[in-house]
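Visitor: My questions will all concern the structure given below.
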Amino acid sequence: MTTRPAPVIVWFRQDLRLADNPALDHAVRTGRPLIPVYILDDGPAVRRIGAASRWWLDGSLRALDADLRRRGAQLVLRRGDSEAELRRLIAETGADTVFMNRRFEPDAFLHDADIAHALTADGVECHGYNGALLARPGAVRTGSGGPYRVFTPFLKALLEAAAPPAPMPAPAAVEAVSRLASGSLDDWALRPTTPDWAGGFDWTPGEAGAATALAAFVGRGLKTYSKGRDHPAEPSVSRLSPHLHWGEIHPWRAVETARRAASNGHVAPAEAEKFVAELGWRDFSAQLLHHFPQMTDTAFRPGYDLMPWRDDPDGLEAWKRGRTGYPIIDAGMRQLWTTGWMHNRVRMIVASFLVKDLLIDWRAGEAWFWDTLVDADLASNVQNWQWVAGSGADASPWFRIFNPVTQGQKFDADGRYVRRWVPELARLPDRWLHAPWTAPAEVLRAAGVRLDRGGYPAPIVDHAAARDRALQALRALPATGD
């Protein structure tokens, strides 16, 4: 009589793919039956994901389950405390090993470590891998052994030291434990219903959607990426950020695909390397947050926590709703609300406006982005907000304050972006589009534009005066390193 080998658990989290998945690959190599599981844990140990991210998670889990079912398995869904649910699965099935890809955000990293230590103490093996980054935090260090705080040397060291893992094809078939109790995505209700504010989300979550997005980008946007990426009306960005965040594609595969296009003569090598550098910035953000976990709540440069932030609920609400009176700001915030995403150049402009024109704490902006972005990644979100605020590592200096009018004129010169997202200004000539309050009354009438609460709002703040106010606030701080 032969004894059936104990099954192994594959614990999916932010690695919702089958190909190039180290945890899944190692589990399959054991030759033992698998239990693929996703646990929705809304407990206090890790920051609860935002509403837009929950929408994405629903679609990504459905895609992953469909991919597993085509291979003879299914995704087991559990909801509750992660350790408790893993222990229930172990008790139900006799599983004695857990495979997972590590999460590196500070709270998640510690939470996973606590679970692994507790299970190991009870005789359950736990194996963790890096399936999310080009290099795990700590793998790339300065000559003195510390973490990098400046991006350019970090990127150079990263690309010299890190090497892409060998391709791991998706398994052709998955032997899995059957008839396990599983939750229902319909019951989880991750998508909004009343109202369905996600009706304008034009995305395809899942591994296949990630592959399609990468192919479309390499086929078109990558050719002019270094310059086109600054122009929000141009299709020159990859739109891979939510796919990368949820682990629907390995970042090394994106690197290799871009470099292959360069080696084949499809794009200039400099364009491919610019894209690789942006992926490196993602790693830079992850390693900063891993080594400096206080960044989620406090300024990386402590002096900036003494900034005299203003309590301005009306200004914050106008910013959130795209009603500031500055067209490029309002276009970006409306794009975010409608699609769950915003072009990167515009993210910098709207962040500068909130922090420096309105003098509202960057943490208020970070919280709004966390809830409304489908690509809300903790490390990238915190690092990028602190970069704009001047308080982060290798940050843009505080005195660099974007002028929302000139930024619009420079990066949306023909107004296509603003006209799409602020249609009430669509008939306004280019000359006046980015500063409609400067247009003559007859021009406004001809374009059907009213600058009042019933039409398009007048600016909620004068940029020149706001800039002076921000610089005065900076001068009042202790030495900040700027």
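Bear in mind these aren't lab numbers, they're just calculated from the coordinates by the rules spelled out. Since the model is a prediction, treat every value here as computed from it, not as a measurement. Positions of Cβ are backbone-derived with ideal geometry, glycine not excepted, and every protein chain shown enters the neighbour counts.
Visitor: How large is ³J(HN,Hα) for each residue in region 209-221, as worked out from phi by the Karplus curve 6.51 cos²θ - 1.76 cosθ + 1.60 (θ = phi - 60°), to whole Hz, x for Gly and Pro?
Guide: x, 5, 5, 5, 5, 5, 5, 5, 5, 5, x, 9, x
Visitor: Still on this structure, I have one more. Limiting things to C-alpha atoms, what are the Rg and the maximum Cα-Cα separation (Dmax) for region 137-209, in angstroms?
Guide: That works out to 21.8, 55 Å for Rg and Dmax.
Visitor: For Asp361, what residues show an amide H to amide H distance below 5 Å, using hydrogens built from the backbone and excluding near sequence neighbours?
Guide: Arg310
Visitor: Treating the angle as unsigned and between 0 and 90°, give the value, to the nearest 10°, between the Cα long axis of helix 463-475 and the longest Cα principal axis of the chain.
Guide: It works out to around 60 degrees.
Visitor: By a straight-distance test (C-alpha under 27 Å), which lysines pair with Lys410 as possible cross-link partners, with residues fewer than eight away in the same chain excluded?
Guide: Partners within reach: Lys223, Lys227, Lys274, Lys320, Lys356.
Visitor: Just want the answer: with Cβ charges of +1 for Lys and Arg and -1 for Asp and Glu, which residue in Met100, Gly123, Leu61 is farthest toward the dipole's positive end in region 8-132?
Guide: It is Leu61, whose Cα lies furthest towards the positive end.
Visitor: Please report the relative contact order for the chain, taking Cα pairs under 8 Å with a sequence separation of at least 6, and give it as a percent rounded to a whole number.
Guide: This gives 16 percent for the chain.
Visitor: Then there is this: Report, in whole Å, the centroid distance computed from the Cα atoms of region 1-54 and region 431-482.
Guide: The two parts, judged by their Cα centres, are 50 Å apart.
Visitor: For region 190-329, list log₁₀ I(q)/I(0) at each q in 0.15, 0.18, 0.19 Å⁻¹, using the Debye formula over Cα point scatterers of equal strength and ignoring solvent, two decimals each.
Guide: -1.03, -1.15, -1.17
Visitor: Under the definition of Cα pairs under 8 Å and six or more residues apart, what whole-number percent is the relative contact order of region 302-475?
Guide: 25 percent
Visitor: Amide H neighbours of Val76 under 5 Å, counting only residues 5+ apart in sequence or on other chains, H built in-plane at 1.01 Å?
Guide: Distant-sequence amide H within range of Val76: Val37, Tyr38.
Visitor: Here's another thing I want to ask about it. Given Cα pairs under 8 Å that are at least 6 residues apart, what percent is the relative contact order of region 106-163?
Guide: Relative contact order here is 22 percent.
Visitor: Another question, if that's okay. Please state the shape class of region 141-273: rounded when a/c is under 1.5, otherwise prolate if a/b exceeds b/c and oblate if not, all from the C-alpha gyration tensor.
Guide: Here region 141-273 falls in the prolate category.
Visitor: Let me spell out the model: positive unit charges on the Cβ of Lys and Arg, negative unit charges on the Cβ of Asp and Glu, origin at the Cα centre of region 8-132. What dipole size does that give, in debye rounded to 20?
Guide: Roughly 480 debye, rounded to the nearest 20.
Visitor: I'm spelling it out carefully: the read-out is Rg and Dmax of the Cα atoms in Å, the candidates are [x] 24.0, 93; [y] 24.0, 76; [z] 23.6, 81, and one was derived from this structure. Which label?
Guide: Step by step, Rg and Dmax of the Cα atoms in Å for this structure corresponds to label [x].
Visitor: Can I ask one more? Under the Karplus relation 6.51 cos²θ - 1.76 cosθ + 1.60, θ = phi - 60°, what is the ordered set of whole-Hz ³J(HN,Hα) values for region 128-141, x standing for Gly and Pro?
Guide: Each residue's phi maps through the Karplus curve to give x, 9, 9, x, 10, 10, 5, 8, 5, x, x, 6, 10, 10 Hz.
Visitor: How large is ³J(HN,Hα) for each residue in region 164-179, as worked out from phi by the Karplus curve 6.51 cos²θ - 1.76 cosθ + 1.60 (θ = phi - 60°), to whole Hz, x for Gly and Pro?
Guide: Once rounded to whole Hz, the list reads x, x, 4, x, 10, x, 4, x, 5, 8, 10, 7, 9, 6, 9, 6.
Visitor: Rg/Rh for region 8-132 to two decimals, with Rh computed the Kirkwood way over all alpha-carbon pairs.
Guide: 0.93
Visitor: By how many degrees, 0 to 90 and rounded to 10, does the Cα axis of helix 106-121 deviate from the longest principal axis of the chain?
Guide: It works out to around 10 degrees.
Visitor: Further question: Using only C-alpha atoms and all pairs of different ones, pull out the Kirkwood radius for region 348-454 in Å with one decimal.
Guide: With all distinct Cα pairs of region 348-454 included, I get 15.6 Å.
Visitor: Right, here's the next one. Could you list which residues have their amide H under 5 Å from that of Asp41, counting only those 5 or more apart in sequence or on another chain, with H placed in the peptide plane?
Guide: So Asp41 has HN proximity to Gly80.
Visitor: Listed highest first by mean packing, meaning other Cβ atoms within 10 Å per residue, what order do 153-164, 396-407, 352-363 come in?
Guide: 352-363, 396-407, 153-164
Visitor: At Glu256 and Arg416, where each label point lies 7 Å from the Cα along Cα→Cβ, what is the point-to-point distance in nanometres?
Guide: Placing both labels 7 Å beyond Cα along the Cβ direction yields 3.4 nm.
Visitor: Using the Cα centre as the reference, give the magnitude of the dipole from point charges on the C-beta atoms of the chain (Lys, Arg: +1; Asp, Glu: -1; all else neutral), rounded to the nearest 20 debye.
Guide: Here the size comes out at about 1120 debye.
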